[in-house]
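**Student:** First, the structure itself, so that you have it in front of you.
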Amino acid sequence: MATATPTPSPNPNALKFELDTTLPATLSFSSAADAAAHPFAAAVFAVEGVVSIFGVNDFVTVTRQVGAAWEPIIAAVQAAAADHL
């Protein structure tokens, strides 16, 4: 059960999530279809407004569509990390 703590990034449409675990492999998804076979990424893409996910080592960066609300995205990343990482 991993935790994901959001931290700002230079891009206002991207948030970095610091993990308390190390990812076994690099994650890089730019669509829900690409992420379908990866439980963590699929759960994050299930939320409206997610554009891409990139993760390596102990962090994941999620990029949103301009204007999409951060609150449901943050909740989805935290729940997906707890369930799948």
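**Student:** Quick one: putting +1 on the C-beta of Lys and Arg, -1 on the C-beta of Asp and Glu, what dipole do you get for the chain around its Cα centre, in Debye to the nearest 20? Write out the running numbers ahead of the final one.
**Tutor:** Values: 2 positive and 7 negative charges, 32 e Å.
With only Lys, Arg, Asp and Glu charged at Cβ, the dipole is about 160 debye.
**Student:** Let me ask something additional. Report, by chain and number, residues whose modeled amide H sits under 5 Å from the one on residue 51, excluding near sequence neighbours (fewer than 5 apart, same chain).
**Tutor:** So residue 51 has HN proximity to 63, 64, 65.
**Student:** What residues qualify as long-range amide H neighbours of residue 27, i.e. H under 5 Å apart, gap of 5 or more or another chain, H built at 1.01 Å from N?
**Tutor:** 55, 56
**Student:** Hey, what do the phi angles of the stretch 52-60 turn into as Karplus ³J(HN,Hα) couplings, whole Hz, using 6.51/-1.76/1.60 and θ = phi - 60°, x for Gly and Pro?
**Tutor:** Working through the residues one at a time gives 7, 9, 9, x, 7, 6, 10, 8, 10 Hz.
**Student:** Something else: Apply the Karplus curve 6.51 cos²θ - 1.76 cosθ + 1.60, θ = phi - 60°, to the phi angles in the stretch 73-82 and return the couplings in whole Hz, x for Gly and Pro.
**Tutor:** 5, 4, 4, 5, 4, 5, 5, 5, 5, 5
**Student:** Assuming R0 = 22 Å, can you tell me the calculated FRET efficiency for the pair residue 48 and residue 83, based on Cβ-Cβ distance, to the nearest 0.05? Mind dumping the intermediate values first?
**Tutor:** On the way: r = 19 Å, r/R0 = 0.88.
Once the sixth-power term is evaluated, E becomes 0.70.
**Student:** Let me have the 222 nm mean residue ellipticity of the chain computed from DSSP H runs of 4+ only, each contributing -39500 (n - 2.57), with the sum over all residues rounded to the nearest 500. Please report the intermediate quantities before stating the final value.
**Tutor:** Numbers: 3 runs with 26 residues, N = 85.
Per the formula, -8500 deg cm²/dmol.
**Student:** Let me ask another. Please name whichever of 66, 37, 9 sits farthest to the positive end of the charge dipole of the chain, dipole taken about the Cα centre and charges placed at Cβ: Lys and Arg +1, Asp and Glu -1.
**Tutor:** Looking along the dipole axis, the top candidate is 66.
**Student:** Please say if the chain is rounded, prolate or oblate, where rounded means a/c under 1.5 for a ≥ b ≥ c the square roots of the C-alpha gyration tensor eigenvalues, and otherwise the choice is prolate for a/b larger than b/c and oblate otherwise? Intermediate results must be reported in sequence, preceding the final value.
**Tutor:** Numbers: a/c = 1.44, a/b = 1.17, b/c = 1.23.
Note, shape of the chain comes out rounded.
**Student:** A further question follows. Spelling out what I want: for every residue of the stretch 29-41, take phi, set θ = phi - 60°, compute 6.51 cos²θ - 1.76 cosθ + 1.60 (Karplus), and round to whole Hz; glycine and proline get x.
**Tutor:** 10, 10, 6, 4, 5, 4, 8, 3, 8, 10, x, 4, 5
Coordinate-derived values only; no laboratory data. Everything numeric here is computed off the predicted structure, so don't read it as measured data. Heads up, the Cβs are rebuilt from the backbone with ideal geometry, glycines too, and the neighbour counts pull from every protein chain shown.
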